[in-house]
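The values are calculated or read from the model by the stated rules, or taken from the named source; none is laboratory data. Source: prediction; values computed, not measured. Every residue, glycine among them, receives a Cβ derived from its backbone with ideal geometry; neighbour counts consider all protein chains shown. Just the protein is used for accessible areas: all its heavy atoms, side chains included, with ligands, DNA and RNA removed. Shrake-Rupley method; radii C 1.70, N 1.55, O 1.52, S 1.80 Å.
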Amino acid sequence: MLLSPSSSTQRSPTKMLDRVLSSRRYAPYADDSAVENDVVADESKTKKHLPFSFFTTRITNYLTRTGPVWPCLLVLALVLLLIFNSRRFVCVSPYDPVSRTGFFGFDGLESDIGSLGVPWCRSKHGKTVEWTTKDLIKGLEVFIPIYETRPIKNNMYGMGFDHSFGLWFIAQWLKPDLMIESGAFKGHSTWVLRQAMPDAPIITLTPKHPGKFLKKGPAYVDGNCTYFTGKDFLDFGNVNWGKVMKKHGITDLSRVLIFFDDHQNELKRITQALKAGFQHIIFEDNYDTGTGDHYSLRQICDQSYIRGGGHSCYKDSDEARIRSKRKKFWEKAVDIEELCGPGEAWWGVRGYMHDNFTKSSKKISYSEHFRNSRFVESILDVYWEVPPVAGPSLTHQTRYDPARAVTPIVEDGRYGLFNRLGLTRLDPSVFNGYTQMVYVQISNQ
Ligand SMILES: C[S@@+](CC[C@H](N)C(=O)[O-])C[C@H]1O[C@@H](n2cnc3c(N)ncnc32)[C@H](O)[C@@H]1O
């Protein structure tokens, strides 16, 4: 049985802060057993064990009867395998998952995940979120049928499936009293927030009202949303939040969730949010070092003391070799030439801190970059990157490099679960927008 998103409101109305940080427990989804069975079914490749001698005797008897036909076929099969396994003999797209398997080896797809290291931001006290992979799988069961009813089917330049799910999951888990969204485009993310919280008010800041897109095609305008758009548009940093919160009857800012998808420098946004007293934030585009159009938390926390952080611009290094190989297979992977700017500046994007869709860019020194991470760490209570929904061999995504991503919710090789969840029903293009969406909790103490 699928539960509506509002069903999760049955959970006790603890403070959002408590809900995120309390010890691990599961959301009370009704159909626990269905998901459980999926997991078990996927893992239990049950075999009946017979004695080895039973098989050898059977084979010897068979070969005696048939003569040398089988050994010949075996040799032929081995030759064919050698031919098809060699990249010199085949001509296929490098983004093809089968070709990737051939290149990285048969276990490559699985061991691939996170192999270049996945930088992350350290939190003050090492706290993490309370939800587990099991909760995420249960969430997928609920969300996939909801996603199929989305009004904007082709959300090019907006969120795809992985981040839509991440946003929905976090919002329905936290149950904020109010949600603030900065950067709405045609309104897909507003729609996702609404699915998570059917009755909570939303405040949307975006230069162009989503309704304006309706003339050209699908868009979503919400009935319980205050829009700061058009001539009323205000940048998040220029809003008098005390006044706006008062107007909405919000007295406890720990009950507010902010969603940024406005391509602004995340150091700027996190500072503004902290100053206003907000605690729960989701950043949609948490770009990896060397990529993207704004300075992100992932970039800020890419430091040499973190695994996968800090980079060598030495062209003969292992990292350079691996990166150049991976670039052939993943559209968003960057090689060492792209990663490193003049003076071996690898931080941010080639030593630059981008802002506002790269409309503004500031060159920063390594020590400034380092200070930025220390500041972020000093205010962080929780840092959690939304995992990709499923491994690339299942989704057939070709863009983000899995070597820089956390373990997917549905791991490679678990086609049974992928299929049972209904993920096979979605067009593969919806899995191409993953950019490490991140949920953070911040405070001054
Ligand atoms: C990538 S789109 C948002 C996509 C949307 N969240 C979705 O999932 O479909 C970025 C949006 O940010 C808006 N934007 C640009 N500058 C902004 C600012 N300073 N504050 C808020 N939104 C801004 C753009 O007009 C655009 O609509």
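The condition (being open to solvent by 60 Å² or more (accessible area, probe 1.4 Å), away from the ligand (no atom under 14 Å from the Cβ) and among the charged types (D, E, K, R)) is satisfied by just one residue among 212, 231, 175, 208: 231. Tell me, yes or no, whether segment 254-274 has at least one residue that is surrounded by fewer than 16 Cβ atoms within 10 Å (Cβ to Cβ), more than 16 Å from the ligand (Cβ to nearest atom), in the same structural domain as residue 432 (by TED's automatic domain parsing) and among the small types (Gly, Ala, Ser). Looking for residues that are surrounded by fewer than 16 Cβ atoms within 10 Å (Cβ to Cβ), more than 16 Å from the ligand (Cβ to nearest atom), in the same structural domain as residue 432 (by TED's automatic domain parsing) and among the small types (Gly, Ala, Ser), one finds none in segment 254-274, hence no.
Within segment 341-363, residues that are on the phi > 0 side of the Ramachandran plot and free of Cβ contacts under 8 Å to residues at least 60 places away in the same chain sit with their Cβ atoms under 8 Å from residues that are of a type outside the set (Asp, Glu) and in a strand (DSSP E or B), at 6+ positions apart or across chains, in these pairs: 348/354; 351/341; 351/345; 351/363. Selection of first residues in segment 246-262 that are more than 22 Å from residue 191 (Cα to Cα) and of second residues that are within 16 Å of the ligand (Cβ to nearest atom) and at pLDDT 95 or above, restricted to Cβ pairs under 7 Å at least 6 apart or on distinct chains, gives the following pairs, ordered by first then second residue: 253/278. Applying the condition of being among the hydrophobic types (A, V, I, L, M, F, W, C) and either farther than 22 Å from residue 261 by Cα or open to solvent by 60 Å² or more (accessible area, probe 1.4 Å) (or both) to segment 119-135 and asking which residue is nearest to the ligand (Cβ to nearest atom) yields 131.
Residue 337 meets the conditions (1) surrounded by fewer than 16 Cβ atoms within 10 Å (Cβ to Cβ); (2) out of contact with any Ser or Thr (no Cβ under 9 Å at 6 or more places or on another chain) in every case but one. The failed one is (2).
Looking at residue 201, is it surrounded by 13 or more Cβ atoms within 10 Å (Cβ to Cβ) and away from the ligand (no atom under 13 Å from the Cβ)? Against the criterion (surrounded by 13 or more Cβ atoms within 10 Å (Cβ to Cβ) and away from the ligand (no atom under 13 Å from the Cβ)), residue 201 qualifies.
Residues in segment 149-160 include at least one that is part of a loop (DSSP other than H, G, I, E, B) and closer than 24 Å to residue 413 by Cβ.
Conditions tested, residue by residue: (1) among the polar types (S, T, N, Q); (2) more than 30 Å from residue 323 (Cβ to Cβ); (3) touching a helix residue (DSSP H, G or I) at 6+ places or on another chain (Cβ under 9 Å).
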site	(1), (2), (3)
190	yes, yes, yes
254	yes, yes, yes
263	no, no, no
266	no, no, yes
290	no, no, yes
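Exactly one residue out of 170, 152, 146, 180 is open to solvent by less than 10 Å² (accessible area, probe 1.4 Å), more than 8 Å from the ligand (Cβ to nearest atom) and more than 18 Å from the chain's Cα centre (by Cα): that is 180.
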